[in-house]
Amino acid sequence: MTQVESTRVDRWLWSIRLYKTRADATAGCRSGHVRLNGRIAKPAAQVRVGDRVQARVHQRDRILEVTRVIDTRVA
């Protein structure tokens, strides 16, 4: 198994189960509800270990730090 160095922010948010579908994660990015290191993130923005992601999901603000880059869904 190889370690991924970066992945798209919408795919990462979907894979950690913050959004139910990847389309929801993409829509969250497009509507400005996702920030990557303090800047509004487009869906294709790359996340790497150490990045800080802020997301507004279901009227709640979530602040996450990327400790591992994954691009598949986890339990």
Any chance segment 9-17 includes a residue that's among the aliphatic types (A, V, I, L, M), in contact (Cβ under 8 Å) with a residue 40 or more places away in the chain and in contact with an Asp or Glu (Cβ under 6 Å, 6 or more places away or on another chain)? no
Which ones in segment 9-66 are open to solvent by less than 60 Å² (accessible area, probe 1.4 Å) and of a type in the set (D, E, K, R)? D10, D51
Per the filter on segment 45-66, residues modelled with pLDDT of 95 or more, over 10 Å from the mean Cα position of the chain (by Cα) and not charged (D, E, K, R) are V49, G50, I63
Of these, D71, D61, which one is charged (D, E, K, R) and in contact with a strand residue (DSSP E or B) (Cβ under 6 Å, 6 or more places away or on another chain)? D71
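The values are calculated or read from the model by the stated rules, or taken from the named source; none is laboratory data. Please read all numbers here as calculations on a predicted model, not as lab measurements. Heads up, the Cβs are rebuilt from the backbone with ideal geometry, glycines too, and the neighbour counts pull from every protein chain shown. Just the protein is used for accessible areas: all its heavy atoms, side chains included, with ligands, DNA and RNA removed. Shrake-Rupley method; radii C 1.70, N 1.55, O 1.52, S 1.80 Å.
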